Structures are given as C-alpha cells and as structure tokens.
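Notes follow the structure.
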Amino acid sequence: MIGNTTIEKPREEWSEEEKRLVQYNLKAKNKITFALGMDKYFKVSNCKSAKDMWDTLQVTHEGTTEVKRSRINTLTHEYELFRMNPNESMQDMQQRFTHIINHIASLGKIFPNEDLINKVLRCLSREWQPKVTAITKSRDLSNMSLATIFGKLQEHEMELMRLNQHEENDKKKKGISFKASSSTQEGSDKEDTIEIDEDDDLSLFVKRFNKFLRVRVNQRKRQKIHPLLQDVMNAINLDI
C-alpha cells in the first residue's frame, strides 16, 4: 500500500507463504464460481479475492445489517403467529414451520429446541388437544427432537384418518340397509294397492254381471207378453 493506492508485489518477489496464500485464494474463488449460476456469477466476477466474493454474496442475499435485522423481525413475527390451518395435513404444517425456522436460523437467530417443541404443540387445533396432553405427560420435551414430535403427530393423524374411514363405511352400510328396507316397504305397499285394485275390479264385474242378468230376465219377460201389448208398453216406456 502506498497512500490509498494498492500496488501488487511482483510475482518473483513472493515468499513461499505468499505463494501458498495465493493458491488458497484461487482454489476458493474457483469453488465459489462453480457453485454459482450465471446471473449470480456476474455479481462477483470483478472481485479479486474469495473474501470479496463471499462478502458480496452475503450482502446480496442477506442484505445490509438493517435489512437483515428487518427480515429477522418479520420472520420472528411470523413464527410467533404461526398456527395450524383448517384442514391442513401434518406434513404441510411441518413444511411451513421448518421453512420459517430455517430462514430465521440462516440469519443468525436460533431458537432452543424445547421452545420449538412447545410452539408446535401450542399451535395445533382443538381436535389435537388429547394427543398434546398425552405427549406432554408421557415425555420429557427437552430431550425430544423436532422430527420426533412431528413423527408422533403424523402417526396420530393416520389413526384419525383410519377411524374416520371406518365411520364413513358404517354410515354407507346403514344407508344401504335403510334403502333396502324402504324398497321392501314400498313393494309391500304396491302389492296392497294392487290387491285393492283387484277387489275393486271384481266388485265392478259383479255389479255389471248382475245388471246383465236383470236385463236378460226382463227380456225374457217381455218375450212372454203379447206383441200388441209389448208395443204399447214400449210406447209408454214401461219396464217390467
């Protein structure tokens, strides 16, 4: 350094230690370059040292100290308000929760494991409370990992799904039995209706047959009357 100007030392004047440091820097730059996509590489392509490349990437992704602090506050607020959504599966809830705490951890804020366990148990919906009570009474939460607690909750979720499936099957069976009973009753009602209709038809037939007999008897009586008298009776519409 001469004033504010940096003057590179000629290569032939490098010491063995300086040569080794230059090699380390080149290796680190190559590793960082190979790990980046084209768009991110252009952001660090002008950096002369691996340290400059790393600092540039850190500011790009994490922002300045003020930006980093703001992101931590936002994620912490999201963590504090975290709740299980209605009809959400345990796997989806685990993914959302892990996404939040991983982002917070990448910014340098780490929550104790026991706090994470208690947070998960408190954010569950009402139907999970019996399982939460059983876990808190039977286990030491300080020695339980986050993966273990989600595994226990997923086992309980599968058991709930199995019970719900059995209940649905029972309802379907009862519905089929009720329909069969209704169909049998309906068939019986139809048979009764048919029998009533048949009785009505028989009664009508008897009435018509009786009327027919009366007509035939009257016709025979008229045949025995003198033809001249018959003409008179027909003229005055008399009926014997």
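Tabulated data for the structure shown
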item	result
Hey, Ile101 touching a helix residue (DSSP H, G or I) at 6+ places or on another chain (Cβ under 7 Å) and closer than 30 Å to Thr65 by Cα or not	yes
Single condition Lys48 does not satisfy, out of (1) surrounded by 11 or more Cβ atoms within 10 Å (Cβ to Cβ); (2) modelled with pLDDT under 85; (3) part of a helix (DSSP H, G or I)	(3)
Options Thr133, Thr56, Thr74, Thr60; residue that is polar (S, T, N, Q), closer than 30 Å to Asp39 by Cβ, out of contact with any helix residue (DSSP H, G or I) (no Cβ under 9 Å at 6 or more places or on another chain) and open to solvent by less than 90 Å² (accessible area, probe 1.4 Å)	Thr74
Ala147 farther than 20 Å from Ile101 by Cα, hydrophobic (A, V, I, L, M, F, W, C) and either open to solvent by 30 Å² or more (accessible area, probe 1.4 Å) or out of contact with any strand residue (DSSP E or B) (no Cβ under 6 Å at 6 or more places or on another chain) (or both)	no
Residue within the stretch 78-93 that is among the basic types (Lys, Arg) and either at pLDDT below 85 or part of a helix (DSSP H, G or I) (or both) present	no
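The values are calculated or read from the model by the stated rules, or taken from the named source; none is laboratory data. A quick note: this is a predicted structure, and the numbers were derived from the prediction, not measured. Note: ideal-geometry Cβ built from the backbone for every residue, glycine included; neighbour counts use all protein chains shown. Ligands, DNA and RNA are stripped out before the accessible areas are found, and what is left, the full protein with its side chains, is counted by its heavy atoms. Shrake-Rupley method; radii C 1.70, N 1.55, O 1.52, S 1.80 Å.
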